[in-house]
Structures are given as structure tokens and as C-alpha cells.
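**Q** Please read through the structure below; I'll follow up with questions.
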Amino acid sequence: MQAHPLRLFPGDDLRAALEDVLRQLKLRAAFVIQGIGSLSVAQLRFAGDEDSTELRDDLEILTLAGSISSDGAHLHMSVADPRGRVFGGHVGRGCTVRTTAEILLALLPEYRFSREHDSDSGFKELVIRNEPPVE
């Protein structure tokens, strides 16, 4: 495992930027250990909902965690609005960094993550394979 600190900048799409890091590093598995910062737009899918809810405000990222594979990211986040109300859920595309996002990734070059249909849950779930790094 390798620690990889990362800073995102105003206007960056949070989820797309994290997925891009894996492609740029030619890796197939990583975890987001933690993230803090701010957003101007958050796209969160709340538990049990099929569609994301868009939040537009000066939002503080309180927590950010998840996994990243070559299939994409599975991230959960909590954000607070200027009144201190907290919202949390599954991170969708379109979360726009307001001032900064400071993220710590755990890179796993000896693993490959994928998302495959699980007949028990009915969803695409994480599959972990131990494989040698791509050269």
C-alpha cells in the first residue's frame, strides 16, 4: 500500500478527478481514506433513492471515503451547508470543488478491484483480486 495525498482545485469534478488519478497512475485499485474541503455543488444519492439530489451552496466536506477501480469510484460523503445541516450519501458525478479538496488515497498496486453483479444483493458489488502490478 502506498499513501498518495492529493489536492483538487476550484471547478474540479470530485468523482471524475479521483477516477482520473487511477488511470493516470495505471493502477486498478485504491481506497479513499479521507477527504475534506469545500464544494459549490454536491450530487448525493440518499439511501433508498434511485436518483441523486443536487445541493447548491457553500458546502463543507466533512467526510469522504470509498473505493476506486478501473470500473469507477464508489464513494460516500457527508457535507454541511452554511447553517450546519448535514447531508450524506453516495457521491455522483458533478460534485464541483469550491475552494479545495484535500484527499488521502491508499494505492494498492498489487490488487485489482472490479464491480460485478451480485445475485444476492442485486447490485454491482466490489470484487477484490490479488494480481501483480501492471507494467
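**Q** Kindly evaluate His76 against the criterion of being touching a Lys or Arg at 6+ places or on another chain (Cβ under 7 Å) and at pLDDT 95 or above.
**A** Criteria not met by His76.
**Q** Another question, then. Restricting to segment 21-44, name every residue that is surrounded by 15 or more Cβ atoms within 10 Å (Cβ to Cβ), under 13 Å from the mean Cα position of the chain (by Cα) and closer than 14 Å to Thr63 by Cβ.
**A** Once the filter is applied, which keeps residues that are surrounded by 15 or more Cβ atoms within 10 Å (Cβ to Cβ), under 13 Å from the mean Cα position of the chain (by Cα) and closer than 14 Å to Thr63 by Cβ, segment 21-44 yields Phe31, Val32, Ile33, Gly35, Ala42, Leu44.
**Q** Condition (residue is on the phi < 0 side of the Ramachandran plot, among the small types (Gly, Ala, Ser) and under 12 Å from the mean Cα position of the chain (by Cα)) applied to segment 45-64: is it met by at least one residue?
**A** Within segment 45-64 (the criterion being on the phi < 0 side of the Ramachandran plot, among the small types (Gly, Ala, Ser) and under 12 Å from the mean Cα position of the chain (by Cα)), the answer is no, since none of the residues qualifies.
**Q** So which of Leu18, Leu22 ends up being free of Cβ contacts under 8 Å to residues at least 60 places away in the same chain and not in a loop (DSSP other than H, G, I, E, B)? Reasoning before the result, please.
**A** On the way: Leu18 fails: free of Cβ contacts under 8 Å to residues at least 60 places away in the same chain.
The match here is Leu22.
**Q** Check off (1) within 14 Å of Gly72 (Cα to Cα); (2) without any contact (Cβ under 8 Å) to a residue 24 or more places away in the chain; (3) of a type outside the set (A, V, I, L, M, F, W, C) for Gly48 and give me the number that stays unchecked.
**A** Evaluating Gly48 over (1) within 14 Å of Gly72 (Cα to Cα); (2) without any contact (Cβ under 8 Å) to a residue 24 or more places away in the chain; (3) of a type outside the set (A, V, I, L, M, F, W, C) leaves (1) as the failure.
**Q** Give me the pairs, please: first residue somewhere in segment 112-135 and on the phi < 0 side of the Ramachandran plot and part of a strand (DSSP E or B), second residue anywhere and of a type in the set (Phe, Trp, Tyr) and loosely packed, with under 12 Cβ neighbours inside 10 Å, beta-carbon distance under 8 Å, and either six or more positions apart or on two chains.
**A** His117/Phe123
**Q** Tell me yes or no: at least one residue of segment 35-44 is in a strand (DSSP E or B) and among the β-branched types (Val, Ile, Thr).
**A** yes
**Q** Do we have Ile128 as over 14 Å from Asp71 (Cβ atoms) and of a type in the set (A, V, I, L, M) here? So that I can check it myself, show each step before the final result.
**A** Details: over 14 Å from Asp71 (Cβ atoms): no; of a type in the set (A, V, I, L, M): yes.
Against the criterion (over 14 Å from Asp71 (Cβ atoms) and of a type in the set (A, V, I, L, M)), Ile128 does not qualify.
**Q** Would you pick out the residues in segment 84-99 that are outside any loop (DSSP other than H, G, I, E, B) and either out of contact with any strand residue (DSSP E or B) (no Cβ under 9 Å at 6 or more places or on another chain) or surrounded by 15 or more Cβ atoms within 10 Å (Cβ to Cβ) (or both)?
**A** Correct list: Phe87, Gly88, Gly89, His90, Val91, Thr96, Val97, Arg98.
**Q** Among the numbered criteria (1) crowded, with 17+ Cβ neighbours inside 10 Å; (2) over 30 Å from Asp57 (Cα atoms), which one does Glu125 miss?
**A** (1)
**Q** Turning to a different aspect of this structure: Exactly one of these conditions fails for Asp120: (1) surrounded by fewer than 17 Cβ atoms within 10 Å (Cβ to Cβ); (2) under 15 Å from Val32 (Cβ atoms). Give me its number.
**A** (2)
**Q** Still on this structure, please answer the following. For the structure I just gave you, tell me whether Glu60 is surrounded by 15 or more Cβ atoms within 10 Å (Cβ to Cβ), without any contact (Cβ under 8 Å) to a residue 40 or more places away in the chain and either among the β-branched types (Val, Ile, Thr) or in a strand (DSSP E or B) (or both). Lay out the reasoning, then the answer.
**A** Numbers: surrounded by 15 or more Cβ atoms within 10 Å (Cβ to Cβ): yes; without any contact (Cβ under 8 Å) to a residue 40 or more places away in the chain: yes; either among the β-branched types (Val, Ile, Thr) or in a strand (DSSP E or B) (or both): yes.
Against the criterion (surrounded by 15 or more Cβ atoms within 10 Å (Cβ to Cβ), without any contact (Cβ under 8 Å) to a residue 40 or more places away in the chain and either among the β-branched types (Val, Ile, Thr) or in a strand (DSSP E or B) (or both)), Glu60 qualifies.
**Q** If you go through segment 69-83 one residue at a time, how many are over 30 Å from Asn130 (Cβ atoms) and part of a strand (DSSP E or B)?
**A** Here the count works out to 3.
The values are calculated or read from the model by the stated rules, or taken from the named source; none is laboratory data. What you see is a predicted model, and the numbers here were worked out from it, not measured in a lab. Cβ: placed from backbone, ideal geometry, glycine included. Neighbour counts: every protein chain shown.
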